[in-house]
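The values are calculated or read from the model by the stated rules, or taken from the named source; none is laboratory data. In this text, all values refer to a predicted model and were calculated from it rather than measured experimentally. Cβ placement follows ideal geometry from the backbone for every residue including glycine, while neighbour counts extend to all protein chains displayed. These accessible areas exclude ligands, DNA and RNA; they are computed on the full protein's heavy atoms, side chains included. Shrake-Rupley method; radii C 1.70, N 1.55, O 1.52, S 1.80 Å.
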Amino acid sequence: MIKFHSCFGNGAVIQRGSAFVAKGSSSGETVVTLSGCNYKKTVAAKVKNGMFYAEFSPVNDTATPFLLSAECGGEKCVSSVRFGDVFLTVGQSNMSYSLSATENYERWLKMAKKSETAFLSVGEKPFGSTEEVTRSYDELSDFPVKTVWKEGGDEGIADISAISVQLAVYLWQRTGV
């Protein structure tokens, strides 16, 4: 079975202007293609221990939707991706305050849709005890929890961190990206 790492799933945003490595799992020789509008690049991926790594040069086009596809032994997986600015927002308990709990939730939802933001929603494992260590010291082949990209205008962002959504909207208002 061939598949992309979940951060390259449908709706993914990849950092513009930076080289990147598309990752996933496959059982053998893998070819990865990035295509959109007037752009197409195919790369023979490096495969190690069932994981493939395909290196791509920077893309600055933030307006065009792209397709990222991988093929191995007759199997194919495809994701719709875009290029833009990627930010990681982390924090303590205030980061889990969801957008739906804010004043003017509908207004923020409209602004998120207009700005064409997207959010990688990474689930959380249940927390067992303060003595339990749940972080891996080895590189993971993918996230250990359910992960999905959510588009800015979807009701699905209701459970996304309000701080993350509002930051994305404010950055879009200032940069247009």
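Here PHE52 clears all of (1) open to solvent by 90 Å² or more (accessible area, probe 1.4 Å); (2) closer than 19 Å to SER141 by Cα except the condition numbered (1). Of the set (1) over 17 Å from SER6 (Cα atoms); (2) at pLDDT 90 or above, all apply to VAL81 but (1). So which residues in segment 1-28 are open to solvent by less than 70 Å² (accessible area, probe 1.4 Å), of a type in the set (S, T, N, Q) and either part of a strand (DSSP E or B) or within 30 Å of GLY152 (Cα to Cα) (or both), if there are any at all? Within segment 1-28, SER6, GLN15, SER18, SER25 meet the criteria. Farther than 18 Å from SER141 by Cβ and free of Cβ contacts under 8 Å to residues at least 40 places away in the same chain: which single residue out of THR62, THR42 fits that description? None of the other options fit; the residue is THR42. Among the residues of segment 159-177, those that are more than 13 Å from THR89 (Cβ to Cβ) and either surrounded by 17 or more Cβ atoms within 10 Å (Cβ to Cβ) or modelled with pLDDT of 90 or more (or both) comprise TRP172, GLN173, ARG174, THR175. In segment 66-110, the qualifying residues are those that are aliphatic (A, V, I, L, M) and without any contact (Cβ under 8 Å) to a residue 60 or more places away in the chain, and the one that is farthest from VAL47 (Cα to Cα) is LEU109.
A quick yes/no check of all residues on (1) open to solvent by 30 Å² or more (accessible area, probe 1.4 Å); (2) outside any strand (DSSP E or B); (3) closer than 15 Å to SER164 by Cα:
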{"residue": "LYS76", "(1), (2), (3)": "yes, no, no"}
{"residue": "GLY91", "(1), (2), (3)": "yes, yes, yes"}
{"residue": "SER100", "(1), (2), (3)": "yes, yes, yes"}
{"residue": "LEU120", "(1), (2), (3)": "yes, no, yes"}
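Scanning segment 29-42 for residues that are out of contact with any Ser or Thr (no Cβ under 6 Å at 6 or more places or on another chain) and either hydroxyl-bearing (Ser, Thr, Tyr) or open to solvent by less than 20 Å² (accessible area, probe 1.4 Å) (or both) yields a count of 5. Restricting to segment 141-162, name every residue that is part of a helix (DSSP H, G or I) and free of Cβ contacts under 8 Å to residues at least 40 places away in the same chain. Scanning segment 141-162 gives a single hit, GLY156.
All conditions but one from (1) assigned to a loop (DSSP other than H, G, I, E, B); (2) modelled with pLDDT under 85; (3) open to solvent by less than 100 Å² (accessible area, probe 1.4 Å) apply to LYS125; the one that does not is (3). Filtering segment 102-114 to residues that are open to solvent by less than 70 Å² (accessible area, probe 1.4 Å), modelled with pLDDT of 90 or more and of a type outside the set (A, V, I, L, M, F, W, C) leaves only THR102.
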